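Here it is: the structure, laid out below.
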Amino acid sequence: MATIRPPTEVLDEGVGEFRMPDPDAYREWVRDHKSRALVSKLMTAQQAVAQFVEDGDYVAYDCNYLQRGPSALIREVIRQKKRDLWVAGKFTWVAVHLLVAGGCASKVDCGFFLFGKAIDRFVQEKRVQIFEYSNVVMTVRLQAGAMGVPFLPLRSFGGTDGFRHSGAKLIRDPYTGQPITIVPALNPDVALIHVQQADMYGNARVFGTGIAHQETALASRKVIVSAEEIVDTEEIRRDPGRTSIPYYCVDAVVQAPFGAYPGECAGYYASDPAGVIEVVAAALSDTLDPYLEKYVYSVADDREMLEKHVGVARLLEMERRLATKEGYRP
């Protein structure tokens, strides 16, 4: 006996602007631009950002400015004054503030980020548009992008104020006839990911808590990985199960010790309390310009920033205060 299925129909939809999914275009990009040749991708942060981050790009990053975030790469994007970026602001704290204050980001898909005087002013001055989602929804969007499907369903978000200001839709499930929320796939132009270890080809290891580093890498057209240390490929081959991101996803590898400063990097160093307080205070009090001048514009790169404004003693103290080290290195 044939099963009669209810028709699929759109019951409601948000009014927020969103990037229209195009899985086939993304597959073509991967096919035409992603080489599987084992070639060295080592370069400086300046070179990687100059080559792979373009004005108008959609930029996603994994983790945030305070926990294994690609902080050095974010500072380099601001230093190079990239413009009109659309940012995936999920699981973040202050990076959205810095990117908008630096004139880089003009649109943000909001999962979560710290709200304060600076963001309030940026919105009022129409320097940035914010579209509402949630951390889970943004992760599901990246998962859909990585899977090569145009959308994924999820059992949350419908009926919320966030739904109204997003690109989500409420449809009738063709199997059960019940309403279900679907969200559009996300294929960022570029991903910024900080990892504990990588080899020169881009095989990367993330130890400890992760959020969506695999989904972000697999969904993005261009991927820049910064790493605390560069390990030999033979080490990768000896223990392939530790590889979190495969080399063929990655376009650039940047050696960046303390690349998550002022945040922590699990297994390597704890955060710098003074540095965390300084950047959070700048965001909350709307004094970001002096912060950017000190940590971004007044130095040529992150190495000079660490030498001039942090110092060896504080970096060693961050390593000393690390509570958990076991299991993070071979």
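For the stretch 189-197, does any single residue satisfy the condition of being at pLDDT 95 or above, touching a helix residue (DSSP H, G or I) at 6+ places or on another chain (Cβ under 9 Å), closer than 15 Å to Thr139 by Cβ and surrounded by 18 or more Cβ atoms within 10 Å (Cβ to Cβ)?
yes
In the list Gln51, Gln46, which residue meets the criterion of being surrounded by fewer than 24 Cβ atoms within 10 Å (Cβ to Cβ) and more than 19 Å from Leu292 (Cα to Cα)?
Gln51
All but one of (1) surrounded by 18 or more Cβ atoms within 10 Å (Cβ to Cβ); (2) of a type in the set (Gly, Ala, Ser); (3) free of Cβ contacts under 8 Å to residues at least 24 places away in the same chain hold for Ala252, so report the exception by its number.
Looking at each condition in turn, Ala252 falls short on (3).
Criterion first (in contact (Cβ under 8 Å) with a residue 24 or more places away in the chain, surrounded by fewer than 16 Cβ atoms within 10 Å (Cβ to Cβ) and not polar (S, T, N, Q)) does Arg141 satisfy it? I'd like the intermediate steps shown before the answer.
Values: in contact (Cβ under 8 Å) with a residue 24 or more places away in the chain: yes; surrounded by fewer than 16 Cβ atoms within 10 Å (Cβ to Cβ): no; not polar (S, T, N, Q): yes.
Judged against the criteria, Arg141 is not a match.
Pick from Lys325, Lys308: which is out of contact with any strand residue (DSSP E or B) (no Cβ under 6 Å at 6 or more places or on another chain), assigned to a helix (DSSP H, G or I) and among the basic types (Lys, Arg)? Don't jump to the end; show me each part of the working.
Working: Lys325 fails: assigned to a helix (DSSP H, G or I).
Result: Lys308 is the single residue among Lys325, Lys308 that is out of contact with any strand residue (DSSP E or B) (no Cβ under 6 Å at 6 or more places or on another chain), assigned to a helix (DSSP H, G or I) and among the basic types (Lys, Arg).
A follow-up question, please. Taking Val183, is it in contact (Cβ under 8 Å) with a residue 12 or more places away in the chain and more than 30 Å from Gly159 (Cβ to Cβ)?
On the way: in contact (Cβ under 8 Å) with a residue 12 or more places away in the chain: yes; more than 30 Å from Gly159 (Cβ to Cβ): no.
It is false that Val183 is in contact (Cβ under 8 Å) with a residue 12 or more places away in the chain and more than 30 Å from Gly159 (Cβ to Cβ).
Another question, if that's okay. Please pick out the residue among Asp62, Asp55 that is modelled with pLDDT under 95, within 20 Å of Asn187 (Cβ to Cβ) and not small (Gly, Ala, Ser). Give the derivation first.
Working: Asp55 fails: modelled with pLDDT under 95.
Exactly one of Asp62, Asp55 is modelled with pLDDT under 95, within 20 Å of Asn187 (Cβ to Cβ) and not small (Gly, Ala, Ser), namely Asp62.
Okay, next question. Is it the case that the stretch 209-216 has a residue that's buried (at least 24 other Cβ atoms within 10 Å of the Cβ), under 26 Å from Pro21 (Cα atoms) and at pLDDT below 95?
Looking through the stretch 209-216, at least one residue is buried (at least 24 other Cβ atoms within 10 Å of the Cβ), under 26 Å from Pro21 (Cα atoms) and at pLDDT below 95.
Answer yes or no as to whether Leu66 is over 21 Å from Ala256 (Cα atoms), surrounded by fewer than 24 Cβ atoms within 10 Å (Cβ to Cβ), in contact (Cβ under 8 Å) with a residue 12 or more places away in the chain and among the aliphatic types (A, V, I, L, M).
no
Within the stretch 100-112, can one find any residue that is acidic (Asp, Glu), in contact (Cβ under 8 Å) with a residue 12 or more places away in the chain, buried (at least 19 other Cβ atoms within 10 Å of the Cβ) and within 21 Å of Asp272 (Cβ to Cβ)?
Scanning the stretch 100-112, I find no residue that is acidic (Asp, Glu), in contact (Cβ under 8 Å) with a residue 12 or more places away in the chain, buried (at least 19 other Cβ atoms within 10 Å of the Cβ) and within 21 Å of Asp272 (Cβ to Cβ), so the answer is no.
Only one of Val183, Val253 is within 16 Å of the chain's Cα centre (by Cα), assigned to a strand (DSSP E or B) and within 26 Å of Arg141 (Cα to Cα); which? Please lay out each step first, then the result.
Numbers: Val183 fails: within 16 Å of the chain's Cα centre (by Cα).
Among Val183, Val253, only Val253 is within 16 Å of the chain's Cα centre (by Cα), assigned to a strand (DSSP E or B) and within 26 Å of Arg141 (Cα to Cα).
The values are calculated or read from the model by the stated rules, or taken from the named source; none is laboratory data. Bear in mind the structure is a predicted one, so any value in this text is a computation, not a measurement. Ideal geometry is used to build each Cβ from the backbone, glycine not excepted, and the neighbour counts take in all protein chains shown.
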